[in-house]
């Protein structure tokens, strides 16, 4: 099994329940296709540098998982046809860093 990270951006006007459904959908796809989800991070609503499909903001989600080629194939096939996603990116990594949270919420 290889290690992967998948980041996707959903439309900013989706509700919390819709965002949770989308996240569960991709978690299920990974699990059903010989993958194992290790960590899920919700980076929250962020401004985009330029408009994507008339959206200026989007919710960012990051999934760290182990999988095989079929896992990536099925995950990206589902992401390509999902109208609620603005962008997605899957990268292969040598080793997962499960400790660092790059976008943790600041406490003022």
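The numbers here are math on the coordinates, done by the rules we state, and not lab data. These numbers come from a predicted model, not from an experiment. Using ideal geometry, Cβ is built from the backbone for each residue, glycine included, and neighbour counts are taken over all protein chains shown.
So the values come out like this:
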| quantity | calculated |
| --- | --- |
| Distance (nanometres) between label positions extended 7 Å along Cα→Cβ at residue 73 and residue 41 | 3.0 nm |
| Cβ crowding within 10 Å averaged over residues, with 88-94, 31-37 ranked highest first | 31-37, 88-94 |
| Label-to-label distance, nm, for residues given as residue 89 and residue 2 (7 Å Cα→Cβ offset) | 1.7 nm |
| Degrees separating the helix 16-32 axis from the principal Cα axis of the chain, which is the longest one | 10 degrees |
| Principal-axis tilt of helix 69-81 within the chain, Cα atoms, nearest 10 degrees | 30 degrees |
| Rg to Rh quotient for the stretch 1-40, alpha carbon positions, Kirkwood Rh | 1.01 |
| Rel. contact order, % - alpha carbon contacts under 8 angstrom, at least six apart, the stretch 2-93 | 48 percent |
| Calculated FRET efficiency for the pair residue 32/residue 57, C-beta based, R₀ 25 Å, to 0.05 | 0.20 |
| For the chain, Kirkwood radius (reciprocal of mean inverse C-alpha pair distance, Å) | 14.4 Å |
| Value of Rg to Rh for the stretch 43-92 (Rh from inverse mean 1/r over Cα pairs, i.e. Kirkwood) | 1.01 |
